[in-house]
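Throughout, read-outs are computed from the coordinates displayed, never taken from laboratory work. Nothing here was measured: the structure is a model prediction, and the numbers come from that model. For neighbour counting, all protein chains shown are included, and Cβ atoms are generated from backbone atoms with ideal geometry for every residue, glycine included.
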Amino acid sequence: MQTRKLGKSGIDVSALGLGYWAIGGPFWHLEQKPESIVGYSDVDDDESIRAVWRALDLGVNFFDTSDVYGCEQSERILGRALTGQRQRVVIVTKFGFVPDEKRHFILDEDSGRSSSARHVKPAYGG
């Protein structure tokens with residue numbers, strides 16, 4: 001697998017990365033009806049983990065996820081798949097909207113909850 005430098009960081013990342021939006025499964029925005037799913041349909045977690053392992057075998061070390069992908073499900077599954085591999089990989093995540101896992105909603109900024117390092121670090125073993 002070819003690699004590229006990540007900006008001026010000096011970190012080498014694979015030329016191809018694995019995006020994890022689909023792995024999160026279904027969710028919807030608070031303003032929408034449950035029939036208006038934003039995410040994907042149900043996804044088999046074991047199959048998702050095998051996809052990460054295969055990507056690692058092929059030299060992929062760059063993984064993209066977000067806490068809103070399936071109301072944190074994407075991050076949980078990626079974390080499980082990368083157990084013991086954290087030093088080998090680079091994970092990029094994003095935040096802004098706030099997931100409500102119990103209701104599978106994406107809340108707005110007025111919800112009173114915020115994304116922070118308190119969430120990100122434990123999710124990836126940092």
Legend entry - Net charge over other residues, Cβ less than 13 angstrom from the Cβ of Asp64 (K, R count +1; D, E count -1): -1
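Neighbouring Cβ atoms within 10 Å as the yardstick, rank Trp53, Trp21 fewest first.
The most exposed by this proxy come first: Trp53, Trp21.
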Legend entry - Sum of side-chain charges, Ala51 neighbourhood, beta-carbon under 14 Å (Lys, Arg +1; Asp, Glu -1): -3
